[in-house]
1. Select from segment 145-194 the residues that are assigned to a loop (DSSP other than H, G, I, E, B), within 16 Å of Val110 (Cα to Cα), open to solvent by 60 Å² or more (accessible area, probe 1.4 Å) and charged (D, E, K, R) and list them in ascending order.
2. Go through segment 713-729 residue by residue and tally those that are over 13 Å from Val440 (Cβ atoms) and under 35 Å from the mean Cα position of the chain (by Cα).
3. For segment 96-105, does any single residue satisfy the condition of being in contact with a Gly (Cβ under 8 Å, 6 or more places away or on another chain) and not hydroxyl-bearing (Ser, Thr, Tyr)?
4. Mind listing whichever residues of segment 767-793 are open to solvent by 50 Å² or more (accessible area, probe 1.4 Å), over 20 Å from Gly720 (Cβ atoms) and either in a helix (DSSP H, G or I) or among the aromatic types (Phe, Trp, Tyr) (or both)?
5. Among the numbered conditions (1) open to solvent by 50 Å² or more (accessible area, probe 1.4 Å); (2) of a type in the set (S, T, N, Q); (3) touching a residue at least 24 places away in the same chain (Cβ under 8 Å), tell me where Thr492 comes up short.
6. Considering only strands (runs of 3 or more DSSP E) fully contained in segment 526-599, which possess at least 2 residues that are touching a residue at least 40 places away in the same chain (Cβ under 8 Å) and surrounded by fewer than 22 Cβ atoms within 10 Å (Cβ to Cβ)?
7. Being within 30 Å of Gly142 (Cβ to Cβ), open to solvent by less than 40 Å² (accessible area, probe 1.4 Å), out of contact with any Ser or Thr (no Cβ under 7 Å at 6 or more places or on another chain) and not in a loop (DSSP other than H, G, I, E, B): is that true of Leu248 here?
8. On the given criteria, is Leu90 in contact with a Gly (Cβ under 9 Å, 6 or more places away or on another chain), over 18 Å from Glu192 (Cα atoms) and either open to solvent by less than 50 Å² (accessible area, probe 1.4 Å) or not β-branched (Val, Ile, Thr) (or both)?
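The values are calculated or read from the model by the stated rules, or taken from the named source; none is laboratory data. Since the model is a prediction, treat every value here as computed from it, not as a measurement. Cβ sites come from the backbone with ideal geometry, for glycine too, and all protein chains shown count toward neighbours. Calculation scope for accessible area: heavy atoms of the full protein, side chains included, ligands and nucleic acids excluded. Shrake-Rupley method; radii C 1.70, N 1.55, O 1.52, S 1.80 Å.
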Amino acid sequence: MLQDLRLAIRSLRATPVVTFVAVLSLALGIGANTAIFSLVDRLVLRSLPVREPARLALVATTAQLSYKPNYSYAVFDAIAAHTELFDGVLAVGNCCGQSTLAVGDSHDFVDRLFVSGGYFAMLGVNAFLGRVFTPADDELAGGPDGTAVVLSYTAWKRHFHGDAKAIGMHVLLDRLPVTIVGVLPPFFVGTEVGRTLDVFLPIRGASAVLSTTPFDQYSSWLNIIVRLKPGQTVESSAAALRSLQPELRSTTRSPNEPPAEYLKEPLTLAPAGGGTSGGTSSLRERFARPLAAVFAVVLMVLLIAAANVANMQLGRGMARRHEMSVRLALGASRWQLARLLIAESALLAAAGAALGVVFAQWAAKVLVAELSTSTRPINFDAPIDWRVLGFVGAIMIMTTILFGVAPAIYASRVAPIDALKDRSQDPQAGRAGLSSLVVVAQVAVSLALVVAAGLFVSTFRHLTQVPLGFDRSDTLLVTIRTPTVPGIARNTLYRRLVRAVADVPGVELAGGSMNAPLAGTLNGDFVVSQPGASPPPGAERIRQSDWITPGMFGAFGIAVTAGRDFDTRDTPTTPKVMIVNEAFARRFSPGASPIGRPLTLTFRAQGDYSLGTMTVVGVVRDSVFRSMRSPDGPTVYLALGQDTDPILTTNFYLGVRSTRQPPQQLTRAVSAAILGVNRDIVLKARPIGDEVRDAMAQDRIVAELSGFFGGLALLLAGLGLYGVTSYAVTRRRAELGIRMALGAPPGSVIRLVLSRLTLLVAVGVVVGAGMAVWASKFATALLYGLEPRDPATLVGAAATLAAVGALAGWLPAYRASQIDPAQVLREN
């Protein structure tokens, strides 16, 4: 075996260019597959790093199995009380977000999560330092250490520099004194893959941290996960949970909740342990399908690369027929010849895999950075562990078999007598048939990849052209956190901040909003009715709403198309007014202007809480509220200056507009003005264009990767077509020379050579078109603005493949037309 390896190394070194091209092709293919697989493994396949994750299940409904519904603490308590049903129950707050952690003079944003007292114990996660929560910590008055918090390992390292004295330390979290009781191990950051979490807090402490109204056990904001008993199935446990539903409906309903609406959907359970069984990760839901699509693309690129190397190996094997026949004549067996060529293929695969792993480590970091945005940071790495190495090993074996066995079989069919024949003769033309088959496959797969790239690139282009309804170039978006301000005082503070920023030199317009553009974090859940009339049970719900200050529309470049903007006339003592978008006007006031029309808004999410009758005073242009893929929906804008209720959310967003200088140049002056009003505010400022780019991160990465690999597939297909055409010209050199000696013009020789290539490309295009049409249905959810079987994309891909084929075949064909007939006749 060692002798085979030494001979294989010597043989590969004898043809350095061919060896380099083969190794580079495989390194790109294997590296890309490894990088994507490492992300898919961490994001989709791998289970949560907890005890027996397969026994975890999310409480959901049969109507929306993959949706994470919100339940109240009363529901959680009622389910947990039935210990005969499950081995444990935990709750996770859906009121995520950020808090301000004050350690000494340092103030930083930290990502928080509210969890039940038995959260860590049920997951089987122990503390790295200190302790984790117990049920005693999840009490309204706090536990033995007051309001306890547990830090992630990363937060402990970043904010406390890994100091063990952090345990027991008292710090301020949104100005609330809390006690650090533990640090989690490095491998655990929560039950949602990829989400960045720094601080864990007990659920019943949420009202103190958020500075909201006292804890309400009926408020629905919790996701509930149960641990099945040993031997229990998800189906049997779901049936047991549904048998409990009548009791839950009667004992956990808020007095303000309509009985007919409460918990009306049948309850069920969905696997929540991660891996292929499911999970509760929004990041997984967002990127699983795009990564799967890219993974399919890079697998096909690897097939093309392997096919190219197979063609190279076939060519090398046929060029060495004289050598092989000599070896046979000297006593070597056919198995020894085949083993030698397989050893060469294995070395190529190993070298490609080694370089591919190095490339994958870099590429995986780049991909995570591309997927992560400043507003949605992704907190996981993609290390090259045993699972990834196992995947690489499997690819290496597959590619060795794919491009090593067939050439070895063909090359071992030589006879000892061939050593005595003229080396310019090629008695075995069968290789051309196999090579042609490989080329047809390459063209077919390449066409499918080019079609996919065209669809994804067109999708991204269409999204960049979506009318946003607001200006993306001249506005600075400032995110403000006011955790130290009581909810009742935030309204006044926000108006003061707007006035202070508007007075900054260079600022033309300033306005504030409770929602960031493209975020749409506030869920309206309003219904509209005529004054004095109750909203009907099936009334259409308005899901988009915002509370804003005067100047917000101007600051973000949203045009007021009718009526007026909010102004200083809109105070708590004046009649309530509202502004609607054009979609609202089309839906609720078709054919007539809604200006001056009184309407009653009822907040359905809080037991039909009426906001009273309001008069429509303005209509604004539709703007993207949550996603550029979502159609413009009816939106209601309410005057923040007329709101007298405590503002529960601590986030506020300022739009600062200037057309005389880039928005980022205003950051220092605007920040100083805001901190001049309140020094405890924590803020971040960024151009609104960055927010738009972040919103398109998923589509951008899919378009970039598919476009890159589509181009790589074209390059590899072109190399394959060039190789098979060059070999055909070499094999038919004598025939072409005789044709030219008999008077055939150079043009006819070119047509003769290109005719076979044209046939191969045509067959490949037909097969590839069928593959593309069949596979396009799997990409429907990722497309926007075009159909998956878009004729223009398919025709464009076919034309591109034809152009690549013509370019790849022209040089060998031209070289064939320049053959000297006399020289060919002398050679033969």
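1. Residue satisfying the conditions is Arg175 alone.
2. Residues that pass the stated criteria total 6.
3. If we filter segment 96-105 for residues that are in contact with a Gly (Cβ under 8 Å, 6 or more places away or on another chain), which is where we start, we get none.
No: segment 96-105 contains no residue that is in contact with a Gly (Cβ under 8 Å, 6 or more places away or on another chain) and not hydroxyl-bearing (Ser, Thr, Tyr).
4. Answer for segment 767-793, where residues must be open to solvent by 50 Å² or more (accessible area, probe 1.4 Å), over 20 Å from Gly720 (Cβ atoms) and either in a helix (DSSP H, G or I) or among the aromatic types (Phe, Trp, Tyr) (or both): Val773, Trp774, Lys777, Phe778, Thr780, Ala781, Tyr784, Pro791, Ala792.
5. (3)
6. Working: elements: 541-548, 560-563, 577-581.
Counting at least 2 such residues, we get 541-548, 560-563.
7. Yes, satisfied.
8. It is false that Leu90 is in contact with a Gly (Cβ under 9 Å, 6 or more places away or on another chain), over 18 Å from Glu192 (Cα atoms) and either open to solvent by less than 50 Å² (accessible area, probe 1.4 Å) or not β-branched (Val, Ile, Thr) (or both).
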